[in-house]
Amino acid sequence: MSAFGAIARRDVQVAMRRLSEAANPLLFFVIVTTLFPLALSPNADELREVGVGVLWVSTLLSSLLAMEGLFRADADDGSLEQLMLSPVPISVTVLAKIAAHWLMTILPLIALVPVLALSYSMPLAALPIMVGALVLATPTLSVLIALGAALTVSLRRGGTIVGLLVLPLTAPLLIFGTRATDFGLHDEPAAGPLYLLAAFAAFALALGPLAIGAALRVGVE
Amino acid sequence: MMEFLRMGGEAAYVWSAYGITLAVVLFNVWWARWTHQNALERARAFSSESRAPRKPTVRQVE
Amino acid sequence: MRLPRWFHLLGSPPFVYGLAGRLVPWLGAIAVILLVVGAYWGLAVAPPDRVQGEVYRIIFLHPQVAYVSMMAYVVMAVSAGIGFIWRIKLAHAVAVTAAPIGATFTACALATGAIWGRPTWGTYWQWTDPRIMFETLLLFLFLSYLALRAAFEDRDKADRVSAILAVVGVVNVPIIHYSVIWWNSLHQGPSFMKLDKPSIAPEMLTPFLIMIAAFTVCFYWLLLNGLRGQIVERERDTRWVKQLVEGREA
């Protein structure tokens, strides 16, 4: 457990030192969610209808932006190899890095969502379900992004292809996350999709690190 | 025969579906053949270039 | 434990190249015969449906092509996994060959499904139908596999990295199959792949099954056919390939 904590803490500290880089996904998120009402329609009712989808898709796209920090920086300066040579199992290393990434990149995005949701005229009562669904869906999202980053870690310009790999796999998260949020919006029970999101998260966190570790081993050799 | 081709008025749907499927199968047949021929040609070129006499890398001393 | 000789032979590229070469004409003949017989039976012999009229005849194409697309993915994932774990290059060759076949068959399944959906469900596409969505995801998985391979210059690395992607994605295949049981959707429940009697009329069952056999044989025909090109490509600098191409020149 202490290895997990140490690696996670180190990644958080590194991210803290480059806060301007960490701000990029947040700014992207704000800009994209601002562009949609300009492009679609400022009508409050219509905005409420599209708001759920727009916010979810924007969260997905913005999370992709910060994935470089997951493995590439460490692969470039050799610390990834050192981590893999250490007695700490790769799965633990991977989980620690994913946890740090989620904390520093995705949690701030989720924190911004209620504010932006208000700009989409979404009722206050729907916000807890939306945030809850995001909290349940984003661990799986982090695992998928980490998988994409690990598969392309040895590529010089892997950035563009990661989107191609990861985004189709996030479709189920999008479907059930927006369904849960829609239920919350219309005061219907959202337990079903939320449970499913939780199940995805459990599955991804349990098995994802194995695949990610294998991908890192291939990428670094 | 005309009744067969008309397919009860839904000819467009039935024949386009069968047509697309046929096209997909034919495309895959062609693709397999093309990649095979291509690979053989490249292997031939590779083999003849490695058989070509190479200039000696050591210069003769006069 | 001594492994049987054929086991080792299956890892030998020249052996598999020769074997595939001998099997391909037979598989091709069987596939063509089955396809022609099945298509004729389905189009001309089987009676029109009580509900759907003539357009139901797409039932002799769409489920079969979709089934083959899922089988293609499993073949790709299993062989990529075998290649990854046991470092057998031939296994990766099989995976690479299966990918474009699978992708085109998946696209065909989606297209024939859309064409069938318009007169029967009233719409070409239904975003909330889980089977359509997960089959589309399958198409993306095939394309991602090929795209990821293309990004790597070193073929070995490309093989191993894309193998991980292939294996991770295989979880989609059972999801496609069970999606109609788990969720309410436009797709009806399974009428064939279930444990009791098939709920389809017998005059329609025969061409249905013939087409399943036809497309399955067709898939393996295409796979072995494409595998030969892939083997030559990978083994370009070996003696047996040099002899092969020189022999052809003579």
The stretch B:1-49: number of residues that are under 22 Å from C:Ala114 (Cβ atoms) and either within 7 Å of chain C (Cβ to nearest Cβ) or of a type in the set (S, T, N, Q) (or both): 14
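Rundown of residues vs (1) small (Gly, Ala, Ser); (2) under 30 Å from C:Asp159 (Cα atoms), yes/no style:
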residue	(1), (2)
A:Val166	no, yes
A:Leu196	no, no
A:Ala201	yes, yes
A:Ala204	yes, yes
A:Pro209	no, yes
A:Gly213	yes, yes
A:Arg217	no, yes
Filter result for A:Leu112 (in contact (Cβ under 8 Å) with a residue 60 or more places away in the chain, assigned to a helix (DSSP H, G or I) and within 26 Å of A:Ala73 (Cβ to Cβ)): yes
Residues within the stretch C:54-77 that are hydrophobic (A, V, I, L, M, F, W, C) and free of Cβ contacts under 8 Å to residues at least 12 places away in the same chain, tallied: 0
Restricting the stretch C:201-236 to residues that are within 23 Å of B:Arg51 (Cα to Cα) and at the interface with chain B (Cβ under 7 Å from one of its Cβ atoms), the residue that is farthest from the chain's Cα centre (by Cα): C:Arg236
Check on A:Ile90, over 16 Å from A:Arg9 (Cα atoms) and either touching a Lys or Arg at 6+ places or on another chain (Cβ under 7 Å) or β-branched (Val, Ile, Thr) (or both): yes
Residue match in the stretch C:185-194 (condition: within 13 Å of another protein chain (Cβ to nearest Cβ) and either surrounded by 14 or more Cβ atoms within 10 Å (Cβ to Cβ) or more than 19 Å from C:Ala66 (Cα to Cα) (or both)): yes
Count of residues meeting criterion [over 18 Å from A:Val166 (Cβ atoms) and either in a helix (DSSP H, G or I) or hydroxyl-bearing (Ser, Thr, Tyr) (or both)] in the stretch C:142-188: 16
Considering residues of the stretch C:80-109 that are among the hydroxyl-bearing types (Ser, Thr, Tyr) and surrounded by 23 or more Cβ atoms within 10 Å (Cβ to Cβ) only, the residue nearest to the other protein chains (Cβ to nearest Cβ): C:Thr97
Any hit, the stretch C:209-225, residues being in contact with a strand residue (DSSP E or B) (Cβ under 9 Å, 6 or more places away or on another chain) and either at pLDDT below 95 or part of a helix (DSSP H, G or I) (or both): no
Residue match in the stretch C:47-70 (condition: of a type in the set (Val, Ile, Thr), more than 11 Å from chain B (Cβ to nearest Cβ) and under 20 Å from the mean Cα position of the chain (by Cα)): no
Options A:Ala125, A:Ala117, A:Ala99, A:Ala133; residue that is surrounded by fewer than 22 Cβ atoms within 10 Å (Cβ to Cβ), of a type in the set (A, V, I, L, M, F, W, C) and within 22 Å of the chain's Cα centre (by Cα): A:Ala99
Pair list, Cβ under 6 Å, 6 or more apart: the stretch C:87-112 residue over 15 Å from B:Val25 (Cβ atoms), other residue assigned to a helix (DSSP H, G or I) and of a type in the set (Phe, Trp, Tyr): C:Ala99/C:Phe142; C:Ala99/C:Tyr145
Residue match in the stretch C:127-134 (condition: in contact (Cβ under 8 Å) with a residue 12 or more places away in the chain, touching a helix residue (DSSP H, G or I) at 6+ places or on another chain (Cβ under 9 Å) and not in a helix (DSSP H, G or I)): yes
Selection within the stretch A:159-181 - free of Cβ contacts under 8 Å to residues at least 24 places away in the same chain and more than 19 Å from A:Ile110 (Cα to Cα): A:Thr160, A:Ile161, A:Leu164, A:Leu165, A:Pro168
Subset of the stretch C:226-250 (residues that are in a helix (DSSP H, G or I) and of a type in the set (Lys, Arg)): C:Arg228, C:Arg234, C:Arg239, C:Lys242, C:Arg248
Residue satisfying all of: in the stretch C:138-155; surrounded by fewer than 17 Cβ atoms within 10 Å (Cβ to Cβ) and free of Cβ contacts under 8 Å to residues at least 40 places away in the same chain; nearest to C:Trp86 (Cα to Cα) among these: C:Asp154
All positions within the stretch C:58-82 that are farther than 15 Å from C:Glu135 by Cβ and of a type outside the set (A, V, I, L, M): C:Phe60, C:Ser79, C:Gly81
Residue that is among the hydrophobic types (A, V, I, L, M, F, W, C), closer than 22 Å to C:Leu165 by Cβ, more than 10 Å from chain C (Cβ to nearest Cβ) and part of a helix (DSSP H, G or I), where the choices are A:Phe176, A:Phe200: A:Phe200
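For every residue, the table says whether it meets (1) at pLDDT 90 or above; (2) assigned to a loop (DSSP other than H, G, I, E, B); (3) on the phi < 0 side of the Ramachandran plot; (4) surrounded by fewer than 13 Cβ atoms within 10 Å (Cβ to Cβ).
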| residue | (1), (2), (3), (4) |
| --- | --- |
| B:Tyr13 | no, no, yes, no |
| B:Ser16 | yes, no, yes, no |
| B:Thr21 | yes, no, yes, no |
| B:Asn38 | yes, no, yes, no |
| B:Ala45 | no, no, yes, yes |
| B:Ser48 | no, no, yes, no |
Any hit, the stretch A:53-71, residues being part of a helix (DSSP H, G or I) and over 21 Å from A:Leu169 (Cβ atoms): no
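The values are calculated or read from the model by the stated rules, or taken from the named source; none is laboratory data. Given the structure is predicted, the values throughout are model-derived calculations rather than measurements. Cβ: placed from backbone, ideal geometry, glycine included. Neighbour counts: every protein chain shown.
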